[in-house]
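Written out below as structure tokens is the structure these notes cover.
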Amino acid sequence: MSKEKPSPTHFGSDNVTGIAPAIMDAIVAANAGGVHGYGEDSLTEAMEKRFAEIFETEVKVMPVGTGSIANGLSLATVTPPWGEVFCHEGAHINVDEANGPEFFTGGAKLHLMPGENGKITAEALRAAATRYPRADVHNPLASTVSITQATEVGTLYAVDEVRAIGAVAKDEGLAFHMDGARFANAVAALGCAPADLTWRAGVDVLSFGATKNGCLAVEGIVLFNPSPERADRLNHLHKRAGQLYSKMRFFSAQLDAYLDDGNWLAWAKNANRQAKRLADGLGGLNSVTLAYPVEGNEVFCRLPRAAYDAVVGAGIGTYPLYGEKDGVGSVRFVCAFNTEDAHVDDLIGAIASAI
Ligand SMILES: Cc1ncc(COP(=O)(O)O)c(C=O)c1O
């Protein structure tokens, strides 16, 4: 990717943005004085309490620096090296993490499943998870299912769909992982209790995203009602992966401020609202087609090369056009916690001007 100049209006991803002022303030506030390192501080304790309140249950929360390590360590906590992790073929853990899940689990394999709109179904999971006898030492052991919420194509699993997958996981003895890099967008859009979308639906471990929605660099691995063995395993994996930061309080400060006063949901709501505005605006234009239902903060569309060039020409940041054929290609526009009405209007205007 070329080294572009910062663009005031950028739709390439929700991680191209800056940091929400409330997060910056929390980091500055945490800078006063000295406290114990490695998470042995009152801010980390307070942050974990907030998670327990929001999820209405006992949780263990381990802050980490990226979504990829959150996924790798979450999967490694619940999957043996000879295990098999069921996921959508387009899952970030499959296509975007340089085999991190296989590495951190010590060799577990991903079992890729097709599915419309970036989602797997409970029925397909059951068929895949039961194709070998569990007791046979020769086969991969069906161990874990991992779903992404919101999905890689900006769609959402409804609570009932998560529950159905959770029920199969329970029947078949699978652990249930959720890649929630955009979990806030999902909760904000569905308007459900975070608990209903996770542990009450059978989820054991959540990669709780925060970086894409206003934080500097932090995600939480959230283990729900963990057994002492799982908690201990995660402790060791986390340390061994170099994620037990000595200055942990700065990571905890981000998560604490993120959850404070409903910030995480307010920011995600803004991103979702702007994506809907964008989808509505583009939907009314000839020769632009939406590739997937717009349910969170991402808009995937096909548009003419001329329209894409007009966006770039207007100084609006995007990722490259891909899959171009006969002058029409695909692009993803992502809205963020700080996307403004005028940014979306400018984007629609630039595309409209070229059509
Ligand atoms: C669905 C999903 N999961 C995980 C990640 C990983 O995040 P990171 O780039 O911080 O490793 C991303 C980032 O794009 C993502 O979109």
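The values are calculated or read from the model by the stated rules, or taken from the named source; none is laboratory data. Note that the coordinates shown come from a computational prediction; the quantities given were computed from them, not determined experimentally. In this analysis, Cβ positions are derived from the backbone assuming ideal geometry, glycine residues included, and neighbour counts consider all displayed protein chains.
Scanning the stretch 272-325 for residues that are in a loop (DSSP other than H, G, I, E, B) and surrounded by fewer than 17 Cβ atoms within 10 Å (Cβ to Cβ) yields a count of 10.
Listed here are the residues, each with its yes/no results for (1) of a type outside the set (Lys, Arg); (2) without any contact (Cβ under 8 Å) to a residue 40 or more places away in the chain; (3) over 24 Å from residue 20 (Cα atoms).
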{"position": "163", "(1), (2), (3)": "no, yes, yes"}
{"position": "174", "(1), (2), (3)": "yes, no, yes"}
{"position": "207", "(1), (2), (3)": "yes, no, no"}
{"position": "243", "(1), (2), (3)": "yes, no, no"}
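Across the stretch 1-48, the qualifying residues are those that are modelled with pLDDT under 95 and of a type in the set (Val, Ile, Thr), and the one among them that is farthest from residue 348 (Cα to Cα) is 35.
Yes or no, residue by residue, for (1) in contact with an Asp or Glu (Cβ under 9 Å, 6 or more places away or on another chain); (2) more than 28 Å from residue 19 (Cα to Cα); (3) modelled with pLDDT under 95:
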position: 295; (1), (2), (3): no, no, no
position: 301; (1), (2), (3): no, no, no
position: 307; (1), (2), (3): no, yes, no
position: 322; (1), (2), (3): no, yes, no
position: 325; (1), (2), (3): no, yes, no
position: 334; (1), (2), (3): yes, no, no
position: 341; (1), (2), (3): no, no, no
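Selection of the stretch 60-99 for residues being within 13 Å of the ligand (Cβ to nearest atom), outside any helix (DSSP H, G or I) and farther than 29 Å from residue 49 by Cα yields 87, 88, 90, 91, 96, 97, 98. The residue pairs whose first member lies in the stretch 132-159 and is part of a helix (DSSP H, G or I), whose second member is of a type outside the set (D, E, K, R) and within 16 Å of the ligand (Cβ to nearest atom), and whose beta carbons are closer than 7 Å, counting only pairs six or more residues apart or on different chains, are 159/197. Considering every residue within the stretch 52-61, establish whether at least one is touching a residue at least 12 places away in the same chain (Cβ under 8 Å) and touching an Asp or Glu at 6+ places or on another chain (Cβ under 6 Å). Yes, the stretch 52-61 has at least one match.
Among all residues of the stretch 12-20, there is none that is among the acidic types (Asp, Glu) and either under 13 Å from residue 255 (Cβ atoms) or away from the ligand (no atom under 15 Å from the Cβ) (or both). Of all residues in the stretch 326-352, count the ones that are under 14 Å from residue 299 (Cα atoms), of a type in the set (Gly, Ala, Ser) and part of a loop (DSSP other than H, G, I, E, B). Count: 1.
When the stretch 180-238 is filtered for residues that are polar (S, T, N, Q) and not in a loop (DSSP other than H, G, I, E, B), the ones remaining, listed by number, are 185, 207, 211, 213, 235. The residues of the stretch 20-47 that are closer than 18 Å to residue 217 by Cβ and polar (S, T, N, Q), listed by number, are 31, 44.
Picking from 220, 214, 202, which residue would you name as being on the phi > 0 side of the Ramachandran plot, within 15 Å of the ligand (Cβ to nearest atom) and either within 12 Å of the chain's Cα centre (by Cα) or touching a residue at least 40 places away in the same chain (Cβ under 8 Å) (or both)? Being on the phi > 0 side of the Ramachandran plot, within 15 Å of the ligand (Cβ to nearest atom) and either within 12 Å of the chain's Cα centre (by Cα) or touching a residue at least 40 places away in the same chain (Cβ under 8 Å) (or both) holds for just one of 220, 214, 202, which is 214.
Look at (1) aromatic (Phe, Trp, Tyr); (2) under 29 Å from residue 292 (Cβ atoms); (3) over 21 Å from the mean Cα position of the chain (by Cα) and you find that residue 86 fails only one, number (3). If you go through the stretch 158-186 and keep only what is within 16 Å of the chain's Cα centre (by Cα), crowded, with 24+ Cβ neighbours inside 10 Å and more than 15 Å from the ligand (Cβ to nearest atom), you end up with 162, 176.
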